[in-house]
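The values are calculated or read from the model by the stated rules, or taken from the named source; none is laboratory data. All values derive from a computational prediction rather than experimental measurement. All Cβ positions, even for glycine, are placed from backbone atoms using ideal geometry, and neighbour counts span all protein chains on display. For accessibility, only protein heavy atoms count, side chains too; no ligands or nucleic acids. Shrake-Rupley method; radii C 1.70, N 1.55, O 1.52, S 1.80 Å.
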Amino acid sequence: DDVDANEMKFSLIKDPKVRAGMEIDRRAEELKTEMRINDTQRDILHDNSDIFEPIEENDEYKFIERNIKAETEEVDKETVQVKVGKDAIKTLKNKKATPEQKAKAAEEWLKVSERGGFGWGVNTDEDKAKNIENLLKWTESNLADTKAKLSKNRKSLAKIKYQRQKQIEGFEQQGIHNKEQIEERIQQLTQRKMEMSNEYDHLKDHREELEKKYTELNEKEKQNIPSHEEQVKAMVDSIMSTARPMDEVKQWIIEGREAGKTNAEIKDDIDRKIGLKKSLSFVKDSKGNLRLYIRKSTLLKAEM
């Protein structure tokens with residue numbers, strides 16, 4: 001199992017006052033973290049208190065929807081203006097068109113463009129055609145801008161619908177299915193926040209109680225510590241339980257050499273068989289032969 005470094009450090013400290021102070025500090029950090037999470041959860045619930053209301057009643061949704069309606073109408077109107085204007089220009093420039101046809105084309109343009117006339121100084125068909133061309137430049141530019149806005153707003157509206165659905169699914173996964181349940185959860189979180197805040201304000205009141213707890217724990221730990229003689233016996237028993245006669249180890253070395261193994265491989269084989277890798281060491285002698293030794297540190301511990 002993984003060992004928590006902080007838990008280990010805490011367990012090594014024996015001073016009851018220090019341990020009490022550390023536990024109070026640790027609990028204070030836990031409470032501050034939980035209170036921050038609590039605040040975030042309550043803010044989310046407050047901000048989405050109308051999540052289960054019809055989306056058509058959402059202010060942002062209604063604002064974008066109004067823009068889409070206005071932009072759609074403007075696009076439709078300017079699309080007609082561009083078509084009628086281009087037809088009028090074509091007719092006015094057509095030398096084969098009759099005066100009646102040209103007059104009708106000019107009249108159609110004035111009607112869709114919502115203009116009272118062509119203005120002062122515009123008299124000939126050529127002047128009228130040029131006048132319409134100049135106006136269409138602005139109309140076509142504005143039409144392109146309006147189409148871009150319309151496309152953007154339609155995407156925004158679709159995004160709002162998608163996000164709303166995902167938010168509803170998220171709440172439902174938490175067991176919240178209506179506005180009343182949102183309000184109930186907010187009350188629960190508010191109550192929990194008050195409890196945590198109260199505990200945080202009175203943490204230091206428990207210092208004496210904690211000091212007493214760790215003083216008693218220290219006394220129990222002392223009673224459970226084995227005596228010096230018991231520790232030495234346990235160490236010796238551990239070593240001897242895995243020890244092997246030297247003749248047996250020698251035979252393993254011979255078998256390893258006959259099998260063509262290197263000294264390092266023979267050492268690893270014996271380590272696995274004996275299971276005493278930390279207490280035994282293999283060293284080459286002056287002739288390069290592998291010798292088995294019990295480490296001095298192990299003997300010193302056994303003699304203590």
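Structure summary
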| read-out | value |
| --- | --- |
| Sites matching trypsin sites (Lys or Arg not before Pro) across the range 109-199 that sit in DSSP coil, with at most 14 neighbouring C-beta atoms within 10 Å | ARG115 |
| Links that overshoot a 23 Å alpha carbon limit, given the list LYS111/LYS155; LYS104/LYS130; LYS62/LYS147 | LYS111/LYS155 |
| Computed magnitude of the charge dipole of the range 1-143 (debye, nearest 20; Cβ of K, R +1, Cβ of D, E -1) | 1280 debye |
| Candidate residues TRP120, TRP109, TRP252: accessible-area rank, largest first, probe 1.4 Å | TRP120, TRP252, TRP109 |
| Accessible area of the range 66-213 belonging to carbon and sulfur atoms, whole % at 1.4 Å probe | 49 percent |
| Anchor LYS233: aspartates and glutamates whose Cα lies under 18 Å away (excluding residues fewer than 8 positions away in-chain) | GLU303 |
| Surface accessible to a 1.4 Å probe, HIS177 within the full protein complex, Å² | 100 Å² |
| Net charge of Cβ neighbours under 13 Å - reference LEU210; Lys, Arg +1; Asp, Glu -1 | 0 |
| Global geometry of the range 114-220, whether rounded, prolate or oblate, following the gyration tensor of its Cα atoms and the 1.5 cut on a/c | prolate |
| Sequence of TYR200, TYR214, TYR162 from largest to smallest accessible area, 1.4 Å probe | TYR162, TYR200, TYR214 |
| Simple label model, 7 Å out from Cα along Cβ direction - SER141 to GLU56, nm | 4.0 nm |
